[in-house]
Amino acid sequence: MSAGALGRGQGRDGVGTRLSDLLWRRPGVLLAVLLLPPVLWLGIIYLGSLVALLLQSFFSIDHFTGLVTRELTLRTYGELFTPANFDIILRTVTMAACVTLASAVIAFPVAYYAARYARGRWRALVYLGIMMPLWSSYLVKIYAWKLILAKEGILGWVLEGLHLTWLLDAYLALPVVGGNSLSVSTTGTFIVFVYVWMPFMILPIQAALERVPVSMLEASGDLGARPGQTFRHVLLPLALPGVVAGSIFTFSLTLGDYIIPQIIGTSRLFIGQAVYQHQGVAGNIPLAAAFAVVPILIMGLYLWGAKRMGAFDAL
């Protein structure tokens with residue numbers, strides 16, 4: 001090897017060695033180098049888009065020309081309180097709260113069994129059953145449920161075999177929750193929401209229950225508490241951070257979803273559908289941005305309350 005090539009190789013090695021020594025001696029510099037790309041991505045792409053969204057919500061649209069008036073105003077936010085738009089917000093928040101409550105009620109016994117009783121291969125099967133719905137396509141699951149809930153679907157076929165079709169028809173005749181069939185009803189939307197987001201509720205509750213010492217439950221029984229009292233005064237308070245942590249997922253995901261109500265449900269809009277229609281169909285970007293700010297504000301308050309309850313410790 002020539003002397004020039006050797007010198008160039010040593011120079012490259014020397015620069016790499018000095019850089020390696022610098023990063024080893026200064027771990028803060030190494031941490032900054034590693035965090036710089038994701039921080040720039042988060043700050044520019046994510047937070048930047050949120051700031052642009054917030055600015056758009058303070059503009060308004062000229063209903064005569066259809067053009068956006070780029071003057072700061074709160075008129076667009078005032079439109080959110082019109083009866084039609086406020087009804088969309090109320091409907092979405094109510095659905096998110098109902099889905100969260102139902103998911104917690106269903107998920108708690110499943111999570112308790114997984115945390116306390118499932119062992120060995122059976123424990124692996126339980127986790128597999130919980131996680132498997134997350135492996136399939138989101139749209140495939142929704143369309144599968146649309147077929148199940150349709151009037152000619154398997155659910156209707158089962159009820160017909162049990163001679164209970166009259167019961168389903170009576171339920172579908174109810175206002176608000178009913179419809180022509182379950183696949184085009186508020187109840188159908190609710191069922192699919194609960195099914196799709198259920199794993200996000202089970203896993204945090206299961207993690208919280210595993211942290212509850214068995215000795216505390218045994219001590220409660222030794223002191224004369226009945227199972228119901230032990231659940232209310234010992235188990236539930238200790239598992240509550242996990243319930244709140246799971247509710248963060250179910251509540252926020254329901255709040256912003258627009259695909260499930262678009263495929264399964266009535267013509268009544270949810271916030272996600274309103275954002276899509278105002279931005280893509282009506283061209284009213286300021287109102288779409290104002291609608292998009294609503295879930296951000298709601299989840300900000302929700303996360304603040306969840307943090308005070310220690311929910312983040314169960315994530």
Open item on the list: Let me confirm something: among A115, A150, which residue is touching a Leu at 6+ places or on another chain (Cβ under 7 Å) and among the small types (G, A, S)?
Closed with: A115
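In region 65-124, how many residues are polar (S, T, N, Q) and either surrounded by fewer than 11 Cβ atoms within 10 Å (Cβ to Cβ) or at pLDDT below 90 (or both)? Steps first, answer last, please.
Residues of region 65-124 polar (S, T, N, Q): 65, 69, 73, 76, 82, 85, 92, 94, 100, 103.
Still in the running and either surrounded by fewer than 11 Cβ atoms within 10 Å (Cβ to Cβ) or at pLDDT below 90 (or both): 65, 69, 73, 76, 82.
Qualifying residue count, region 65-124: 5.
From G228, G224, G280, grab the single residue that is free of Cβ contacts under 8 Å to residues at least 60 places away in the same chain, surrounded by fewer than 18 Cβ atoms within 10 Å (Cβ to Cβ) and at positive phi. Can you show your working first?
On the way: G228 fails: at positive phi; G280 fails: at positive phi.
Criteria check complete, one pass: G224.
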Open item on the list: Here are the criteria: (1) aromatic (F, W, Y); (2) more than 14 Å from P261 (Cα to Cα); (3) touching a Cys at 6+ places or on another chain (Cβ under 9 Å). Tell me which single one F193 does not satisfy.
Closed with: (2)
Task: Long-range neighbours under 6 Å by Cβ, at least six apart or interchain, first residue under 20 Å from R75 (Cα atoms) and open to solvent by less than 40 Å² (accessible area, probe 1.4 Å) within region 290-306, second in a helix (DSSP H, G or I) and among the polar types (S, T, N, Q) - done: A290/S57; A290/T76; V293/S57
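Report whether or not V194 is open to solvent by less than 10 Å² (accessible area, probe 1.4 Å) and within 25 Å of A245 (Cα to Cα).
Taking the combined requirement at face value, the residue does not satisfy it.
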TODO: Only one of these is in contact with a helix residue (DSSP H, G or I) (Cβ under 6 Å, 6 or more places away or on another chain), hydrophobic (A, V, I, L, M, F, W, C) and within 15 Å of I260 (Cβ to Cβ): L155, L134, L159, L149. Name it.
DONE: L149
Task: Residue within region 38-46 that is farther than 30 Å from L297 by Cα, open to solvent by 50 Å² or more (accessible area, probe 1.4 Å), out of contact with any Ser or Thr (no Cβ under 8 Å at 6 or more places or on another chain) and not in a strand (DSSP E or B) present - done: no
TODO: Only residues that are at pLDDT below 85, among the hydrophobic types (A, V, I, L, M, F, W, C) and under 12 Å from N284 (Cβ atoms): list them for region 37-64, please.
DONE: I61
Task: Enumeration of residues in region 137-147 that are open to solvent by 60 Å² or more (accessible area, probe 1.4 Å), under 17 Å from T186 (Cα atoms) and among the aliphatic types (A, V, I, L, M) - done: L147
- [ ] Look at region 209-221 and say how many of its residues are under 26 Å from L101 (Cα atoms) and crowded, with 18+ Cβ neighbours inside 10 Å.
- [x] 3
Task: Looking only at region 149-172, and only at residues there that are within 33 Å of the chain's Cα centre (by Cα) and of a type in the set (V, I, T), the one that is most open to solvent (accessible area, probe 1.4 Å) - done: I154
Open item on the list: Being more than 30 Å from W135 (Cα to Cα), polar (S, T, N, Q), open to solvent by less than 40 Å² (accessible area, probe 1.4 Å) and in a helix (DSSP H, G or I) is the requirement here; does T189 meet it?
Closed with: no
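Name every residue in region 277-305 that is among the small types (G, A, S) and part of a helix (DSSP H, G or I), in order of residue number. Step through it out loud before you land on a result.
Looking only at region 277-305, we keep the residues that are among the small types (G, A, S), and these are 280, 282-283, 288-290, 292, 300, 305.
Matches in region 277-305: G280, A288, A289, A290, A292, G300, G305.
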TODO: Sort through S49, S57 and tell me the only one that's in contact with a helix residue (DSSP H, G or I) (Cβ under 9 Å, 6 or more places away or on another chain) and more than 19 Å from P241 (Cα to Cα).
DONE: S57
- [ ] Report the residue count in region 265-294 for those that are closer than 21 Å to M198 by Cβ and modelled with pLDDT under 90.
- [x] 2
Open item on the list: So G246 passes all but one of these: (1) in contact (Cβ under 8 Å) with a residue 40 or more places away in the chain; (2) surrounded by fewer than 19 Cβ atoms within 10 Å (Cβ to Cβ); (3) touching a helix residue (DSSP H, G or I) at 6+ places or on another chain (Cβ under 7 Å). Which condition number does it fail?
Closed with: (2)
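The values are calculated or read from the model by the stated rules, or taken from the named source; none is laboratory data. The structure presented is a predicted model; accordingly, all values stated were derived computationally and were not measured. Here the Cβ is made from the backbone with ideal geometry for all residues, glycine too, and neighbour counts use every protein chain on show. Side chains included, ligands, DNA and RNA excluded: accessible areas come from the protein's heavy atoms. Shrake-Rupley method; radii C 1.70, N 1.55, O 1.52, S 1.80 Å.
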